[in-house]
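Student: I am attaching a structure below and will ask some questions about it afterwards.
No lab work stands behind these numbers, since they all come straight from the coordinates. Because the structure is predicted, anything quoted here is derived from the model rather than measured. Because the Cβ atoms are built from the backbone with ideal geometry, glycine has one as well, and the counts that use them run over all protein chains shown.
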Amino acid sequence: MRTVYKILVIFGIAMLAQKVSAQNATVTATVADAQSPLPGATVVLSTNHSTTTDFTGEFVINDIKPGAYQLQISYIGYALKVLDITLKPNQRLNLGMVYLTTNSKELNEIVITGSLRNSEARALNMQKKAMSIVNVIAADGIGKLPDRNAAETVQRISGVSIEKDQGEGRFVSVRGLPPFWSSTTINGNRIPTAEEETTSRATAFDFFPSDLIAYVEATKAITPDMDGDAIGGSVNFITQTAPSQKTFKASVFSGYNQKADKGIYSGSVTMGNKSKNKKWGYIVNGTYWNRNWATDNYEARRKGDQGIYRLELRDYTGVRKTMGLNGAMEFNASVKDKIFVKATYGGLSDQETHYKHRIRFDKFNTTTNTATVEQQNIHNELITQYIGLDLGGKHQLANGKLDWSLANYRNSFAYGNVPDKQDNSYFLIQFNQSGVGVRPEYINNKALANGGAGSPRAYWAADGGMMDPKNPKSVFDFYSDPNFKTDPNKMKFSTLELYKIEITERDNIIATLNYEHVFKDELKFKFGVKITDKERIATFRDEYYNWTGSPTPYLSSFSKDLIDQPGGTDYFKKELGTNIGSSFGSVLSADGMTNLFHSSKANLVLNTDDSQLPELGKGLGRNFNVAETTSSAYAMSTYTLGDKWTVLGGVRVTNTITAVSGKTLKNDQVVDANNSKSYTSVLPMLHLKYTPTDNMNLRFATTRTFARPNFGDISPAGSLNTIDGEYAGGNPNLNPTYSWNMDLLGEYFLDEVGIINVGVFYKSITDPIFEDTYQGSINGISNIEISAPTNGGNAWIGGVELGITKRFSFLPGFLKYFGTQINATLMDSGMTLAKNKNNPNGRKVSTPYQADELYNVQLFYEKAGFNARAAFNHKGAYAIGFDANAQNTDVNDIYYGKYNSLDLSASYRIGEHFMIFSDVNNLLNEPLLYHFGKTPNRPKQVEYYGVKFNLGIKYTL
């Protein structure tokens, strides 16, 4: 009821605000070129009125005294447009479409035939006119490179990096900070999160295809009218809206994935129009992307720096399907009033077949010099579905403008119907084979006193136990023993596992109201409110089944369902030159796994010791619900001093009420666990913009932002493992993390759509959240290692950002059609972890996700209808987790390794309507790498994806 009441109050204010006095006169129009609207155009009416066009290319100037005027419209890369108009009292003059033309022969040639510089001109105009520090990418700019989902579109922006899954972009990190410390939004609203294993607030954007995006705004220094939970910054994906004229676009392409040795298929359609009287408009666009994929992966399980006690050889194949739909409709009741509705859908289905061979060096038999190999047959389908609905309006008032919106979003994750609808899960069947030969000189099973790893565990000792991916012999030399061969007649049934997760997060209502009052052109005042009512439901259980009855079957007992491992013979063959795949032997087919489950139910008994079942008091930390209400209000003012200085100042106040509920274990009984917390965040912000010349901006910003604790961190319960003496739980009393941010940026806009920018930034962060580990008692059991998140220490991060976009038009001949885009971010940081007995003052480390350097280099060629582009992306290594107990050593810290990628793309326009295009993705085929310590020679995970190629055609009306 409280939320409903607040919403009624908001719209009561909105209705009152619309009762305004009559205007003198109004001028409105839509500015466009021959292809599409132009946002960020400068519109000046004599010396008394000025404004800029919005994302749809529209502008409105109100309260104009009757008389004759000269209207001037300017835009980077386009000729100045001058119109003479005469206004009468109370007139509402709609100029309709106002078209600009390019200002050079070379530019005109390229824009008309390829719409390429058009993209960059729009982005730079929006960046130039913005009051905040922002980077913008337009839709046709996204299409220049093979970036297929929302996350991948921003990896080319200075200071932005992404994490990948199976070779595709997933999480977005801004300026070397954790993804959950930045805000990623669609149409200005943060999207609910739902992901298989991540319980953070970071949205995995692999479900949202880039074809639905009109613009991407990456704001490095936010303003008070934006959500304040954005320490790193805010990345806003803006979906396409009703066009200014009839639009129809279609594209189809097919390709090839080298690692999977199978095809890729995709298609998209966009159509939209406006009615003749311009009152109604709509757009509908949809996309479908089906691709086969494969991955070769090995993962090492370590204990400290003693070497590897278990090596996992993982071979993945799968089919991913991404589906996206976007629909928008608008009604222009008058020149002053617009009502719109938007609906979006993004879905990702990932059918995965996965074979894992786990070599257990810790189960080494010193008598026979053999180890145990565990073969895991895994099949699952991962399904993510997002649905969003927005209803809103924009209204021009006597001396200002009012906008409002109501939104509802839902995001969910669940496993598909594998092995069936009732037991949908991450489905795993394990067989074990003992007596597999391993060369004894590579095993370290000496006692600690003798310099060994310690009995009873044995460790892989070759290469010092590093398993350096640059030295394949050290990784796979256990295979050189002729007895290392898996045999279905010796692979004995061990375990069947049903790993079950379902997550649904809903923003039941997001209500927003903004009002901007124009006292005069040089002074504007804006205030607004926003309310979000959120709920999150997460269920988890992990069921292990053993075989009952005699005899226990071997893998060969299911011979009719056995196949050669798909892609097994090529496992790491191209990347590391190995033949390890020939030792894998037979595996169960995907259908064979399901057949085994259904035919063997009578012989499967639940193992309650190993299973994580809430009813048994296990896995409780993963089963909890969140109800969260946030209420924000802000006020800000923008003041222009002369024609050079602009000042924006204001404050945003946000109240957060979070209630978490779940179960916990007390006196061996499962009981309810509930907790609530309320806090108010006061966030002052100041922006200064100095424009000494028309093509130069100097910007300064100081802002305060925050980050709410992750959902997994505020779980009211935990999971107790009595066998290992460990307890992992949450802390619902965590405080949010705050940051004071300072930014200084210089921008110089070049002729023919170019820019040079140099900036520095610094963030001072308080109350970051760490995982604290200590000895204590749980449920009367002492000497338990307890792990729970806590606030502690402080952090800082600073850096330099550099960038240039420049065409080589000053060069002779064909060289003038070349150009380059280069940006680089260099960073450093520091953080103090929570204190513990090993580090009474807290260990000093960098902030997580902070790479020392990020940079992008693009070389392009554009002439007439032909465009070719090579894009190189580099991300330095950064730590994602720290060992708080370590004493000034990073030996157990986990790093996401450095990564280099090279993508190529080309397109050629045929006539007015058709374009053929091609791209090659991941040409360098460098691995995704997680490793222990700063150097990459002690890997935790090494994963290769192969090269992808696409060829297609686009049609534009």
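Student: Could you sort out which of Lys500/Lys837; Lys128/Lys524; Lys128/Lys816; Lys164/Lys677; Lys560/Lys948; Lys356/Lys470 sit more than 31 Å apart by Cα distance in this structure? Write out the running numbers ahead of the final one.
Tutor: Values: Lys500/Lys837 37 Å; Lys128/Lys524 19 Å; Lys128/Lys816 25 Å; Lys164/Lys677 34 Å; Lys560/Lys948 34 Å; Lys356/Lys470 22 Å.
Check vs 31 Å cut-off fails for Lys500/Lys837; Lys164/Lys677; Lys560/Lys948.
Student: Using Cα pairs closer than 8 Å and at least 6 residues apart in sequence, work out the relative contact order for segment 490-559, in percent.
Tutor: Relative contact order here is 48 percent.
Student: With only alpha-carbon atoms in the gyration tensor, what are the semi-axes of the equivalent ellipsoid for the chain, in Å, largest first?
Tutor: Sorted largest first and rounded, they come to 52, 32, 27 Å.
Student: Take peptides 636-644, 711-719, 435-443 and line them up by average Cβ neighbours within 10 Å, highest first, as a rough protection proxy.
Tutor: Most protected by this proxy first, the peptides run 711-719, 435-443, 636-644.
Student: Gain in length, Asn417 to Gln258, computed as 0.36 nm per residue apart minus the alpha-carbon separation, to one decimal in nm? Don't skip to the end; give the middle numbers.
Tutor: Details: separation 159, 0.36 × 159 = 57.24 nm, distance 2.89 nm.
Separation in residues times 0.36 nm, less the Cα-Cα distance, equals 54.4 nm.
Student: Once the Cβ-Cβ distance between Ser74 and Tyr748 is put in as r, and R0 is 22 Å, what FRET efficiency do you end up with, to the nearest 0.05?
Tutor: Plugging the Cβ-Cβ distance into 1/(1 + (r/R0)^6) gives 0.80.
Student: Moving to a separate point now. Do any of Lys421/Lys940; Lys279/Lys526; Lys276/Lys401 go past 31 Å between their Cα atoms, and which?
Tutor: Too far apart for the 31 Å limit: Lys421/Lys940.
Student: What full-extension length gain, to one decimal in nm, is calculated for Phe914 and Ile822 as 0.36 nm per residue of separation minus the Cα-Cα distance?
Tutor: Numbers: separation 92, 0.36 × 92 = 33.12 nm, distance 3.01 nm.
So the extension gain works out to 30.1 nm.
Student: I've got another one for you. Using a 10 Å cut-off on Cβ atoms, rank the peptides 345-355, 552-562 from the highest mean neighbour count down.
Tutor: Per-residue Cβ counts within 10 Å, averaged per peptide and sorted highest first, yield 345-355, 552-562.
Student: Peptides 193-205, 414-426, 736-748, 604-616: what's the order by average Cβ count within 10 Å, highest mean first?
Tutor: 193-205, 736-748, 414-426, 604-616
Student: Any idea how far apart Leu923 and Ala602 come out in nm if each label point goes 7 Å out from Cα toward Cβ?
Tutor: Each label point is offset 7 Å from its Cα along the Cβ direction, giving 6.1 nm.
Student: Would you work out the charge dipole size for the chain about its Cα centre, treating the Cβ of every Lys and Arg as +1 and the Cβ of every Asp and Glu as -1, and quote it to the nearest 20 debye?
Tutor: 1940
Student: Separate question: How much length, in nm to one decimal, is gained on full extension between Asn841 and Phe810, taken as 0.36 nm per residue of separation minus their Cα-Cα distance?
Tutor: Details: separation 31, 0.36 × 31 = 11.16 nm, distance 5.86 nm.
Full extension of this stretch gives 5.3 nm more.
Student: Would you be so kind as to identify which of Phe59, Met97, Asn24 lies farthest towards the positive end of the dipole of segment 23-103, taking Lys and Arg as +1 and Asp and Glu as -1 on Cβ and the Cα centre as origin?
Tutor: Checking the options against the dipole of segment 23-103, the answer is Asn24.
Student: How big is the dipole moment of segment 23-103 about its Cα centre under a simple scheme where the beta carbon of each Lys and Arg is +1, that of each Asp and Glu is -1, and everything else is neutral? Debye, nearest 20, please.
Tutor: Using Cβ point charges on Lys, Arg, Asp and Glu, segment 23-103 gives about 220 debye.
Student: Here's something else I'd like to know. Cα-Cα over 32 Å: which of Lys534/Lys644; Lys342/Lys806; Lys342/Lys954?
Tutor: Correct reply: Lys534/Lys644; Lys342/Lys806.
Student: Same structure, new question: Need one number: nm distance between label points at Met271 and Lys520, each 7 Å from Cα along Cα→Cβ, rounded to one decimal.
Tutor: 5.2
Student: Any idea which of Ser425, Phe761, Ile133 is furthest toward the positive side of the dipole for the chain, if Lys and Arg beta-carbons carry +1 and Asp and Glu beta-carbons -1?
Tutor: Ile133
Student: Rounding to the nearest 20 debye, state how big the charge dipole of segment 276-381 is about its Cα centre with +1 on each Lys and Arg Cβ and -1 on each Asp and Glu Cβ.
Tutor: Value, rounded to 20: 560 debye.
Student: For segment 23-103, what is the convex hull volume of its Cα atoms per residue in Å³?
Tutor: Convex hull volume per residue, Cα atoms: 77 Å³.
Student: Give the residue from Gly642, Phe180, Ser412 lying farthest towards the positive end of the charge dipole for the chain; charges sit on Cβ (+1 for Lys and Arg, -1 for Asp and Glu) and the dipole is referred to the Cα centre.
Tutor: Sorting the options by dipole projection puts first Gly642.
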